[in-house]
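Remarks on the structure that follows.
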Amino acid sequence: MKVPLSWLKDYVDVEIPVEELAQKLFSCGLEVEELVYVGQEIDRCVVGRIEKIVPHPDSDHLQICSLNCGAHGESIQIVTGAHNIAEGDLVPVALDGSSLHGGVKIKKGKLRGVESCGMLCSGEELGINGDLYDGADVNGILILHGDLVPGSDIKPVVGLDDYVLDIAVTANRSDCQSVYGIAREVAALLGKPLKPLALDYTPLSFSTADEVSVTVEAPDLCPRYIAHYVAELNNAPTPLWMRRRLALCGLRSIRNVVDITNFVLLEMGQPMHAFDLSHVAGKQIIVRRAKAGEKIVTLDEKEFTLTPENLVICDAEKPVALAGIMGGLNSEIEAETRGVLFECAKFERANVRRTSRALGQKSDSSARYEKGVDSYTTGIAINRALRLVQELGCGKIARDRFDVNAEETKPIVVETSVSAINALLGIEVPKEEIKRILTSLNFSVTSRGDALTVTAPAYREDIEGYPDIAEEVIRMYGYDRIEGTFLKNASSTMGGLTDAQKLEARAGSALRRQGYSEAITYSFISPRDYALLRIADEAKKAIRIVNPIGEDMSLMRTTLVPSLLDSAVRNVRRGNDAGRLYEFANIYLAKELPVTEQPEERRTLGIAVWGGAENFFTAKGAFEAFAAELGLQFSYAPAERPYLHPGKCAAVLLNGKEIGVLGELAPDLAEELSVEVPLYLGELDYAAAAEQADAAVHYVPLPAFPEVRRDLALLAEESVSCAEVEKVIAESCKYVTAVHLFDVYRGAQIGEGKKSMAFTVTFTPREKAISPEDADGYVRRIVKALGEKLGLSQR
C-alpha cells in the first residue's frame with residue numbers, strides 16, 4: 001500500500017527523517033517494502049524567468065532565450081523549438097549536467113551554430129502530469145505560476161519533493177490498509193497527537209427515500225449497507241490537492257465524484273461506489289445473490305457470467321455492480337450525471353475473495369474487502385465522502401440515508417492482567433507503560449491492582465483475547481527488548497542428526513559421488529501427470545486437496561516419477577541436454593478414500609538421468625552405489641510399466657521382494673514430450689531399503705596375497721539373465737568376490753535365440769595365494785555349475 005509522506009503529515013506531525021520513520025514502522029510490524037523519493041531522477045533543474053526571446057538566425061522554428069536562473073544574476077542562453085512561451089514566463093530549466101525523467105542527461109552544446117546552455121522542460125520531461133501540477137499536460141514547455149524565485153529547485157515547486165512509503169500490511173491488520181490507519185500508528189510511535197478527520201456537512205431538506213429504495217436480501221453476505229443521495233451534481237474540476245494525493249498512490253483523476261470515492265478508499269480503507277441514478281431501473285437498489293447465468297459488464301468493460309455464489313448490487317432489472325469488487329458499466333458516472341447514490345457497505349470478506357478468485361477480477365476494493373472492513377469505518381466513511389462533496393462544491397446532500405442491517409457496534413472488551421501479559425512476553429513491562437502504550441493506540445484501559453480491563457477501539461475487530469493485547473504492547477515497547485530464554489523444563493543437548501537422518505545423508509552422498517544433484521519438488525501434482533504416464537487409475541488412489549492453488553497442484557502424489565520427469569523435461573527444453581537428479585521425498589498413501597485418518601507418508605527415492613552418454617547401466621549404477629553404501633545387494637528382473645520402454649525396464653529386488661523400478665522413458669512418450677536424448681527414470685521404496693540396511697561400517701583387511709582374475713565367455717539362451725549367471729558364479733566358489741559383465745554378443749555364429757556373455761571373475765585369496773592350477777579348478781567348478789543350473793556352456 002502506497003502512503004505519500006506529504007499526505008501522512010496532514011494528520012500527524014512527522015519531524016524525524018523519513019528513513020527513521022520507515023525503521024520505526026518496521027519495528028512495530030509494518031514493513032516498508034520500498035521507500036521512493038518521487039523526484040529521485042531530477043537533478044540540477046531550477047526555476048528560470050525568460051528575460052528575452054529572439055529568433056534563431058539560421059532556423060525558422062528555433063528561438064533563442066535569455067533566462068535569469070538565479071546564478072549571481074547572470075543570464076544563460078538556451079535555444080528552444082517551443083512556441084508556447086513569452087518574455088516574463090517562469091519555466092523549468094535543466095542546467096548543464098542535469099538529469100531528467102527517464103535518465104536523460106542534459107549537456108551544453110550548439111544548435112545550428114548557437115550555444116545552448118541547457119533545456120526548457122515540459123511536464124513530461126519532469127515525469128509529471130496535470131494531476132501533479134496544473135498545466136503539466138500541455139504539449140509544450142511547462143509554464144509555472146505563482147510568486148517563484150528564479151534559481152529555486154524545481155522539485156518543491158512541482159511537487160516532486162516528496163516520499164512514498166510502500167507498506168506491506170498483514171492480513172490481520174485491516175485497520176492499517178489506509179493512509180489514516182497508518183497515521184494512527186505513526187502518532188502512537190512518535191507520541192504525537194492525531195488530527196481528526198473533518199466529517200461534518202450541511203444537508204438540505206430533500207430525502208434519499210424520495211429518489212430510491214434500498215433492500216438487502218442477503219444480510220449474511222452484506223452485514224451493513226449505507227446509501228446516501230446527492231443531487232444537482234456538477235462537473236467542477238477536482239482540486240489539485242486531491243488529484244495529487246491520488247496520483248502519488250497510483251490512481252488517475254476521473255471526475256470529482258469518482259475521485260471522492262477513490263480518495264476515501266485510500267484515506268480510510270473503505271471502498272465506496274457511486275451510482276448514476278438515471279441509469280438505475282425502477283429507482284431500486286437490491287443487494288442479492290446473483291441468478292445462475294446472469295451477466296454483468298464491469299467498468300473495465302469485461303463481461304462475466306455469474307452464479308448464486310456471487311453477491312451483486314441490482315436495480316429492478318439487472319446487476320449494476322459486483323459487490324465489493326467493481327461497479328457495472330451500465331451505471332457509470334458520466335459528464336451528464338446529475339443525481340448520484342453513494343454506496344458505503346460492509347461485505348462478507350470470504351465471499352468477496354471467492355468471487356474475485358472465481359472470476360479472475362481483482363481491484364483495490366476487493367483487496368481491502370478480502371482483508372476485512374469494519375462496520376465502524378463504514379459508518380464514518382460515508383460522512384467523510386459527503387464532507388468532501390460539500391468541500392468541493394460538487395453537489396447538494398440529502399438530509400437522510402438508508403442504513404440497512406445496521407449492526408450495533410459493540411466494543412470488544414478483554415479482561416486480562418499485567419502478570420498474564422508479562423508471562424506471555426517473557427519480560428517485565430511496567431504496568432504504567434502497558435497502560436500508556438494501549439492508550440496511545442486508542443484502547444481504553446482501566447486497572448484494579450494487577451487486573452486490566454481493556455476496551456478495543458471500534459475499528460480493531462481483530463482483537464480477540466489477551467494475547468492480542470500482549471502483541472500490541474510488545475510491538476510498541478520493542479521486540480528487541482525480548483530476551484532469549486529456554487522454554488520451561490527445557491534442557492540443552494548436543495543436538496545432531498538422528499540415525500535415520502544420518503543414513504539418508506550417507507545415501508545422498510553416495511549418489512552425489514555418482515554425479516547426481518539433489519532435487520526438491522512439490523508434494524502436489526496434477527491428475528494430468530498420471531494421465532500422461534498412462535496410469536490414470538493411480539490418480540483415483542491419490543488424496544485430493546480440498547482448496548488447491550490450482551488443478552496442477554490438486555493431488556498429493558503417490559509416486560515421485562511425474563515430478564522428476566517434469567524437472568528433466570524442463571531442463572532438456574532449456575538446453576540442458578545432460579543431467580542426473582535424485583530426490584528423497586515422501587509419497588502419500590491413503591488407507592481408504594475419502595480419508596478418515598492420516599495417510600502413510602512413505603519415504604521414497606527417485607532418480608532421473610538423461611543425456612547422449614547415458615544408458616540403462618549408467619542409471620542402474622546409481623542404485624548399485626546406493627545399495628553398496630547401505631550394505632545391501634539388489635537383484636533385477638524384467639518388468640513393465642506403461643511409461644517405460646518395454647525392453648529396457650527392470651524391477652529392483654531386495655531379498656526377492658520388489659521394492660522399485662528402473663527403465664528408459666517409453667519412445668512414444670519421449671516423442672510426445674519432444675525429448676530427443678535418452679531419459680531414464682527410477683523409483684525405490686527407500687523406507688523398505690532402510691529397514692534392512694547395515695548402517696555399521698565394517699573393517700575388512702586388505703588381502704595378503706594378490707587377487708586373480710579370469711575371463712569367461714559363456715553361451716546361453718536369450719532368456720537367461722545376467723543376474724542369474726552372476727548369482728550362480730558367486731555361489732559356486734567361496735573365493736569369488738566380484739563378477740563383471742563386459743560384453744554381450746549376438747550373431748549368426750552362435751545361432752538364433754542365443755547370446756554370448758563375457759564375464760570377468762575376481763578370486764580373492766584368504767589363507768594362501770591362489771595358484772594357476774587352483775584358479776583353473778575354480779573356473780571348472782563354476783562352468784559345471786552353470787551348465788547344471790542354467791544350461792550354459794563355455795565358448
I'd like the GluC sites (Glu not before Pro) in region 13-112 restricted to DSSP loop residues with at most 14 other Cβ atoms within 10 Å, sorted by number.
GLU15, GLU74, GLU87
Cα-centre dipole for region 197-271 with unit charges at Cβ (Lys and Arg positive, Asp and Glu negative), debye to 20
540 debye
For a test of the definition: using alpha carbon positions, the gyration tensor, and the 1.5 limit on a/c, classify region 541-639 as rounded, prolate or oblate.
oblate
Restricting region 681-732 to GluC sites (Glu not before Pro) in coil, as DSSP defines it, with at most 14 other Cβ within 10 Å
GLU707, GLU718
Take the alpha-carbon centre of region 305-364, take the same for region 537-552, and report the distance between them in whole Å.
33 Å
Tilt, helix 431-440 to longest principal axis of the chain (alpha-carbon atoms), in degrees rounded to tens, equals 60 degrees
Report ³J(HN,Hα) in whole Hz for each residue of region 142-156, in order, from the Karplus equation J = 6.51 cos²θ - 1.76 cosθ + 1.60 where θ = phi - 60°; Gly and Pro get x.
6, 8, 7, 10, x, 8, 10, 9, x, x, 5, 4, 6, 4, x
Sequence-distant residues sharing a close amide H with LEU62 (under 5 Å, placed H)
HIS56
note: region 387-534, Cα-Cα separations exceeding 28 Å make up a percent value of 61 percent
Projected onto their principal axes, the Cα atoms of region 18-74 stretch, largest extent first, over whole-Å spans of 64, 28, 11
So, over other residues within a Cβ distance under 10 Å of CYS344, counting Lys, Arg +1 and Asp, Glu -1, the net charge is +2
Sum up the charges of everything whose Cβ sits under 11 Å from the Cβ of ALA451, counting Lys and Arg as +1 and Asp and Glu as -1, but leave ALA451 out.
0
Give me the number: length gained by fully extending VAL677 to ARG573, i.e. 0.36 nm times residue separation minus the C-alpha to C-alpha distance, one decimal in nm.
36.3 nm
Using Stokes-Einstein with the Kirkwood hydrodynamic radius over Cα pairs, what translational diffusion coefficient do you get for region 208-404 at 10 °C and a viscosity of 1.306 mPa s, in µm²/s rounded to a whole number?
96 µm²/s
For Rg and Dmax of the Cα atoms in Å, several values are listed as [x] 39.5, 124; [y] 27.8, 96; [z] 27.0, 92; flag the one computed from this structure.
[x]
Just the Cα atoms of region 413-481: what Rg and Dmax do they give in Å?
10.8, 30
Which is the longest stretch in the chain that no exposed loop site breaks, taking sites as chymotrypsin sites (Phe, Trp or Tyr not before Pro) with a DSSP loop state and at most 14 other Cβ atoms within 10 Å?
1-485
Among bridges DSSP assigns within the chain, what percent are antiparallel (round to 5)?
95 percent
Contact order relative to length of the chain, as percent, for alpha carbon pairs under 8 angstrom and 6 or more apart:
8 percent
Jot down the radius of gyration and Dmax of region 367-460, Cα atoms only, both in angstrom.
19.3, 57
Under the rule of at least 5 residues apart or a separate chain, name every residue whose amide H is placed under 5 Å from the amide H of ASN84.
ILE141
Distance from region 624-695 to region 432-492 (C-alpha centre basis), Å:
58 Å
Taking Cα centroids, how far is region 137-213 from region 719-782 in Å?
89 Å
Exposure rank, largest accessible area first [HIS698, HIS228; 1.4 Å]
HIS698, HIS228
Checked region 61-113 against the a/c 1.5 cut and the a/b vs b/c comparison, axes a ≥ b ≥ c from its Cα gyration tensor; verdict rounded
Expressed per residue, the solvent accessible area of the chain in Å² (1.4 Å probe) is about 49 Å²
Cα principal axis extents for region 354-396, largest first, Å:
40, 22, 12
Which net charge results when you count Lys and Arg as +1 and Asp and Glu as -1 among the other residues whose beta-carbon is under 11 Å from that of LEU359?
+2
Quick one: of LYS302/LYS540; LYS657/LYS768; LYS283/LYS346; LYS9/LYS155; LYS346/LYS396; LYS410/LYS435, which pairs are farther than 27 Å apart, Cα to Cα?
LYS302/LYS540; LYS657/LYS768
Whole-Hz Karplus couplings 3J(HN,Hα) for region 268-281, θ = phi - 60° and coefficients 6.51, -1.76, 1.60, Gly and Pro as x, run 10, x, 9, x, 9, 9, 10, 9, 7, 5, 5, 9, 8, 5
Against the globular-protein guess of 2.2 N^0.38 Å, express the Cα radius of gyration of region 499-692 as a ratio, rounded to two decimals.
0.99
Under the Debye formula (equal points on every Cα, no solvent term), log10 I(q)/I(0) of region 708-794 at q = 0.16, 0.23, 0.26 Å⁻¹
-0.59, -1.11, -1.36
For SER213, distant residues with modelled amide H under 5 Å away:
GLN284, ILE285
Quote the relative contact order of region 208-404 in percent (integer), defining contacts as alpha-carbon pairs under 8 Å separated by 6+ residues.
33 percent
Dipole in debye (nearest 20) - region 616-687, about Cα centre, beta carbon charges: Lys, Arg +1; Asp, Glu -1:
280 debye
Starting from region 251-310, pick out the GluC sites (Glu not before Pro) whose DSSP state is loop and whose Cβ has at most 11 other Cβ atoms within 10 Å.
GLU301
Summing -39500 (n - 2.57) over every DSSP H run of at least 4 in the chain, dividing by its residue total and rounding to the nearest 500, the 222 nm mean residue ellipticity is -8000 deg cm²/dmol
Intensity falloff of region 639-795 expressed as log10 I(q)/I(0), Debye formula with alpha-carbon point scatterers, at q = 0.15 Å⁻¹:
-1.03
Leaving out ligands, DNA and RNA, and with a 1.4 Å probe, what % of the accessible surface on the chain is carbon or sulfur?
49 percent
Where in region 760-795 does the label zone of ASP743 land, with the point 7 angstrom along Cα→C-beta and an amide N cut-off under 16 Å?
760-761, 794-795
From phi via Karplus (6.51, -1.76, 1.60), per-residue ³J(HN,Hα) for region 97-102 in Hz, x at Gly/Pro
x, 8, 10, 10, 4, x
Under a point-charge model restricted to the Cβ atoms of Lys and Arg (+1) and Asp and Glu (-1), what is the dipole moment magnitude of the chain relative to its Cα centre, in debye to the nearest 20?
1500 debye
Based on the alpha-carbon gyration tensor of region 43-157 and its eigenvalue square roots a ≥ b ≥ c, which shape applies: rounded if a/c is under 1.5, prolate if not and a/b is larger than b/c, or oblate?
rounded
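The values are calculated or read from the model by the stated rules, or taken from the named source; none is laboratory data. No experiment lies behind these values; they were computed from the predicted model shown. With ideal geometry, Cβ positions are generated from the backbone for all residues, glycine too; neighbour counts draw on all protein chains shown. Surface accessibility is based on the protein's heavy atoms, side chains included, excluding ligands, DNA and RNA. Shrake-Rupley method; radii C 1.70, N 1.55, O 1.52, S 1.80 Å.
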